[in-house]
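Everything below concerns the one structure shown next.
The values are calculated or read from the model by the stated rules, or taken from the named source; none is laboratory data. Note that the structure is a prediction, hence the values are computed from the model and not measured. Because the Cβ atoms are built from the backbone with ideal geometry, glycine has one as well, and the counts that use them run over all protein chains shown. Note: areas computed on protein heavy atoms with side chains; ligands, DNA, RNA excluded. Shrake-Rupley method; radii C 1.70, N 1.55, O 1.52, S 1.80 Å.
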Amino acid sequence: MNTTTPLRTRRRSGAMLMTSLVMGACLTALAPAQAQTTAEAATAPTAGAPQASVTHDARATKLIGKEVRNPQNQKLGEIRDLILDVNNDAIHYAILSFGGAMGVGDKLFAFPVGAFQYLGANEDLVLDISKERLRSAPGFEKRNWPNWAQPDYAMELERYFGATGKIPARPNARLVRASDLIGKSVDDQNGKDAGRIEDLVLALRTGHVRYVVMEFDRAWSLNDKLLALPMKALRVPDDKKADLVLTLTRNDLDAQQAFDRKQWPDLNEPGYRRSVDDWLAKLRQH
């Protein structure tokens, strides 16, 4: 009996073996890519879903005095003030005091908001900087603040921080300390008392002034409640002693959007954020 495999049968078996090997290699190559695609799909944000990590709103009065820590969770200092561009809804710098702990005395230092790490839902501030590095930073004395209208100090900061310290050029920039705005009196366009600034709401990590919160005089019929307004609804005079000017009229305001000063809303609750954003968008059309 002839046990030799016919030539045609051997060729067919070889072709089938080669096909199996090729298919196996392809499946092996595709498996990591498919796993990566699956992992990316699992971790990708759902379209249209709110992303809590994008911005975190906070009151300026809560940010001033907020602790800054190093990566080892040791306190470095605290925020003493914030420098805002009131004409472009932007935050340029957080002014830090280190209280002598870093060997720099009582000097103050301006840090771009991009210099911090922001950890957790409350965006705890972390700054990774050594004493040696800080000693060479362009600080200033408490009684001798920089003239923010002049570019000299900003250029020093840019040289020190590099790309992190570069502030984008914006039209008609006007830099003001947040502490100078809080509590500031506001007049209407006829020069009559309208109220005062209660607070500012800021998204520090993204460097945005979200809105101001104003208390209105009784004549405005808001029952002593607070109301969110876009920063651009206020005109900030060059004279620091002059009152701010409200560019809106009484008819532009809606008492339904006001809230009690003792019962502030949760600024980061999605429903409230949508509501206040819609309200601000409506006011910006005036």
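Okay, here's what the table says:
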{"read-out": "Accessible area expressed per residue, the stretch 99-144, with surrounding protein chains retained (probe 1.4 Å, Å²)", "value": "55"}
{"read-out": "With every protein chain in place, the stretch 174-214: carbon and sulfur % of accessible area (1.4 Å)", "value": "36"}
{"read-out": "Phi-based couplings in Hz for the stretch 200-205 (Karplus 6.51, -1.76, 1.60; Gly and Pro marked x)", "value": "10, 10, 10, 10, 5, 4"}
{"read-out": "Asp254-Asn73 FRET efficiency (beta carbon distance; Förster radius 51 Å; 0.05 resolution)", "value": "0.70"}
{"read-out": "Relative packing of 242-250, 85-93, which averages over residues the other C-beta atoms within 10 Å, highest first", "value": "85-93, 242-250"}
{"read-out": "Karplus-derived HN-Hα couplings along the stretch 220-228 (A = 6.51, B = -1.76, C = 1.60, θ = phi - 60°), whole Hz, x at Gly and Pro", "value": "8, 6, 10, 6, 6, 8, 9, 9, 7"}
{"read-out": "Distribution of pairwise C-alpha distances over the stretch 116-249, 10 Å bins, in %", "value": "10, 31, 32, 19, 7, 1"}
{"read-out": "Neighbour cut-off at most 12 other Cβ (10 Å), DSSP loop, chymotrypsin sites (Phe, Trp or Tyr not before Pro), the stretch 200-240", "value": "none"}
{"read-out": "The stretch 279-285 - phi-based ³J(HN,Hα) in whole Hz, Karplus 6.51/-1.76/1.60, Gly and Pro as x", "value": "5, 5, 4, 5, 5, 5, 7"}
{"read-out": "Sequence-distant residues sharing a close amide H with Lys184 (under 5 Å, placed H)", "value": "Ile197"}
{"read-out": "Surrounding net charge for Glu215, when Lys and Arg each add one and Asp and Glu each subtract one, Cβ distance under 9 Å", "value": "0"}
{"read-out": "Probe 1.4 Å, protein heavy atoms only - accessible area per residue of the stretch 206-286 in square angstrom", "value": "58"}
